[in-house]
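The values are calculated or read from the model by the stated rules, or taken from the named source; none is laboratory data. If you're wondering where the values come from, they're calculated on a predicted model, not measured in any experiment. So basically every Cβ, Gly included, is an ideal-geometry build from the backbone, and we count neighbours across all protein chains shown.
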């Protein structure tokens, strides 16, 4: 029960006002870290009409794709389907 009352003290009241407590020291705002690119990421290759999966490293650089570069080149060389 003590843990619940401690939790309740940190939540705002129904009126929208937080219970009066001593002001806690707030740390200085840290610089925003860059949001990492999702991996894998899907992109549409409009020229081919294909979805390409891109796998990225921690720096956000593409390290692998599906289809791979050789396969994408083969799609580009192939005659259009009718």
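Numerical summary
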read-out	value
Scope the stretch 26-52; condition assigned to a loop (DSSP other than H, G, I, E, B), surrounded by 11 or more Cβ atoms within 10 Å (Cβ to Cβ) and either touching a helix residue (DSSP H, G or I) at 6+ places or on another chain (Cβ under 8 Å) or at pLDDT 95 or above (or both); matching residues	48
Subset of the stretch 53-82 (residues that are touching a helix residue (DSSP H, G or I) at 6+ places or on another chain (Cβ under 9 Å) and either more than 16 Å from residue 41 (Cα to Cα) or assigned to a loop (DSSP other than H, G, I, E, B) (or both))	67
Cross-chain or 6+ apart pairs with Cβ under 9 Å, the stretch 44-55 first and in contact (Cβ under 8 Å) with a residue 24 or more places away in the chain, then assigned to a strand (DSSP E or B) and surrounded by 12 or more Cβ atoms within 10 Å (Cβ to Cβ)	45/52
